[in-house]
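J.: Supplied in C-alpha cells, the structure appears directly below.
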C-alpha cells in the first residue's frame, strides 16, 4: 500500500474529471505531478505540486487551478481536509484511520512490503567493481562493490530485471606486468635470491603463492624458455589465481555476480573490436584524421599522425577519441566500445556502470559510444564513487604489508565485519568523499549508524520474545497480527511510526529511480531513531509501553506495530546486504 502513489492517482483523476467537465484542456501532461510529505508537518500529511506544474499548459493561474483540484480531492475517502497554500500548493490532511491500514498491509506482505513494479521488468545491466585482476582489491574498490551491489538489490526490489556483471580487464600491458611479477616469484620459489622487486613490477606478497603454484605445475622448465613462450603460461595462471582471490574477497562482502566478462574474449575467434570499429566507420562515427595537441602539453611529447578516431564530439564530448595506438593495438576505449556493444547485443538497453571518481573524464565519451553503437536505442548511466579515507580513531591507517602499497578490502572486512563495512559505505552518497574510521564503526552507540539500526531490529525481536512470556496465545505468524484492533494505536509516537512505515514504498521507488541506495540507509536510521524514541517514552510513561499486561487488546496492537517496524527494518537491511540480527552480542 503506497499512500503517496494512491493519492497521486487521486490527483490525476481529479484533473481528468476537470477535463471532462470542460474546466481544463484535455491531454494535460501529468508526468510531473508529485505527491510527497509537506516540508512542514503542520501543513498536513501530503502535498502536491499538481497546480504548479499544470497551470501554464492549462492556461490558468496556479491558485485557481489548485482550488478546482482541491474541490475534487475533498470528496476522496480518507481525506479529512484540503487546503490551498501560497501560489498554488495543495496540502492534504488524512483521517487517522488510513495509517493502521498501512500497518496491516506491512504485516500481510512481510518483507515484500514496499516492493514496486516501477521497473516494469526492464532488463538492466549493472557493471561494478571490474578491478584489474592484478592483485587484491583495496578499500576503494570496496565502496564501488558495496554501492553497486546494493543498487542492484534495490533495482530488483523495484521491479527491474537485473544482471550483475564484472568486466575482467585481462588484456593489455597491465596483465603482462602481472605475469612478469609472478615469474619473479616463480624464480624465488625455485630458490633463487631475487632481491628487491624492481620498479614497475607488483611488489605485494600476494604473488608468492602464484610462484609456488607455477613450480608445482611446471618445475624449473619455464626458466629455460624465452619470455615470449613463458609469458602466456604464467599470465594464465596469474590471472586465474587473482580472479579466485577477487571472488573470495567479494564473497566476504556478500557479493556475487551473474556474469564475469573477459576483455580478451573480445578478440578471441572473431575480433569484435575490429568489427565494432568497422560498423562505426560505415555509419560515419569513425574516420581517419588528426588531433590537435592538448593545451599545455609539451609539443615534443606530441605525436602528430593520422589515426582512427571516434566522433565523440558529435555526442557532447570535448574532443574526438583515438581507437588504435601507433603500434596497431587497440586503445582501452576501443575495447570498451566493443564491450558495451556486446551488452546491447545481449538485449540491454539500460546499462549502469559504477566507476571510481578518477574515471570521471571518461564518462562523456563512453556515453557517446553507447549512443553510437545502439543507434540511440540504449542508455548508459555512470555512477562515480569518491575516495575512501581510512582511519583508526582519527589516525590514518598504514598500508598493507600483503598488498605492498594499499589497505586491502579483505583486511577491512576481517577487522570490523561485513555489516559494518556495507552499511557505512552506504551511509553517504556515492559521489561524496567518505571517512571510514575502523574504531568508530564497531562502537555500540547512536553515533555508529549500523549498530543503531541493527539494535532497533534486535530490540523489536526482544520485545516480541518477552511478549510471548506474558501472553501465551500470542500469534505466531506476522500476518495474524493484522487482525488486532490497530485503531488503538493513537499515541502521537505510534502515529509517527505508522507514517514512517507508510513512506517506505515511496522511498524504495525514489531511491531506485535515482540509483541512490544511501537513501535506504538514511530511512532505516530515521525509523530506528523513532522506534528507540518510542521505547524510551515507555520507560518514562508506563502506559506507553509495548506490553500492557492488563490490556491484551492494546498490547496486541502495539506488538503488531513492533512487528511492522522489525519487518521494514529487515527488508531495508536486506537491500543493503546487512544482517537483521535478532540479538546483539
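The values are calculated or read from the model by the stated rules, or taken from the named source; none is laboratory data. Here the structure is a predicted model, which means the values were calculated and not measured. Don't worry about glycine lacking a Cβ; one is built from the backbone with ideal geometry, like all the others, and counts go over all protein chains shown.
J.: Checking residue 258 against (1) within 30 Å of residue 417 (Cβ to Cβ); (2) out of contact with any strand residue (DSSP E or B) (no Cβ under 7 Å at 6 or more places or on another chain); (3) loosely packed, with under 13 Cβ neighbours inside 10 Å: exactly one of these is not met. Which one?
T.: (2)
J.: If residue 101 passes every condition in (1) under 30 Å from residue 563 (Cα atoms); (2) at pLDDT 95 or above; (3) in contact with a strand residue (DSSP E or B) (Cβ under 8 Å, 6 or more places away or on another chain); (4) surrounded by 13 or more Cβ atoms within 10 Å (Cβ to Cβ) but one, which one does it miss?
T.: (3)
J.: So, one more: Applying the selection to the range 433-450, what residues are touching a helix residue (DSSP H, G or I) at 6+ places or on another chain (Cβ under 8 Å) and either surrounded by 18 or more Cβ atoms within 10 Å (Cβ to Cβ) or in a strand (DSSP E or B) (or both)? Spell out how you get there, then give the answer.
T.: So in the range 433-450, the residues touching a helix residue (DSSP H, G or I) at 6+ places or on another chain (Cβ under 8 Å) come out as 434, 436, 438, 441-450.
434, 436, 438, 441, 448, 449, 450 - these are the residues of the range 433-450 that are touching a helix residue (DSSP H, G or I) at 6+ places or on another chain (Cβ under 8 Å) and either surrounded by 18 or more Cβ atoms within 10 Å (Cβ to Cβ) or in a strand (DSSP E or B) (or both).
J.: Looking only at the range 529-544, which residues are over 37 Å from the mean Cα position of the chain (by Cα) and either surrounded by 16 or more Cβ atoms within 10 Å (Cβ to Cβ) or in a helix (DSSP H, G or I) (or both)?
T.: Selection gives 539, 540, 542, 543, 544.
J.: Out of 41, 31, report the one residue that is closer than 28 Å to residue 488 by Cβ, under 37 Å from the mean Cα position of the chain (by Cα) and surrounded by fewer than 18 Cβ atoms within 10 Å (Cβ to Cβ).
T.: 41
Here is a yes/no grid of residues against (1) at pLDDT 95 or above; (2) surrounded by 15 or more Cβ atoms within 10 Å (Cβ to Cβ); (3) part of a helix (DSSP H, G or I):
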{"residue": "335", "(1), (2), (3)": "yes, yes, yes"}
{"residue": "340", "(1), (2), (3)": "yes, yes, yes"}
{"residue": "353", "(1), (2), (3)": "yes, yes, no"}
{"residue": "358", "(1), (2), (3)": "no, no, yes"}
{"residue": "361", "(1), (2), (3)": "no, no, yes"}
{"residue": "364", "(1), (2), (3)": "no, yes, yes"}
{"residue": "372", "(1), (2), (3)": "no, yes, yes"}
{"residue": "384", "(1), (2), (3)": "yes, yes, no"}
{"residue": "401", "(1), (2), (3)": "no, no, no"}
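J.: Can you say whether residue 16 is at pLDDT 95 or above and farther than 24 Å from residue 104 by Cα, as far as the supplied structure shows?
T.: Spelling it out, residue 16 is indeed at pLDDT 95 or above and farther than 24 Å from residue 104 by Cα.
J.: Please enumerate the residues belonging to the range 126-138 that are surrounded by 24 or more Cβ atoms within 10 Å (Cβ to Cβ) and not in a loop (DSSP other than H, G, I, E, B).
T.: Listed by number, the residues that qualify are 126, 127.
Residue-by-condition table, conditions (1) in a helix (DSSP H, G or I); (2) closer than 17 Å to residue 254 by Cα; (3) touching a helix residue (DSSP H, G or I) at 6+ places or on another chain (Cβ under 6 Å); (4) not assigned by TED's automatic domain parsing to the domain that holds residue 477:
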| site | (1), (2), (3), (4) |
| --- | --- |
| 109 | yes, no, no, yes |
| 150 | yes, yes, yes, yes |
| 167 | no, no, no, yes |
| 179 | yes, no, yes, yes |
| 192 | no, no, no, yes |
| 197 | no, no, no, yes |
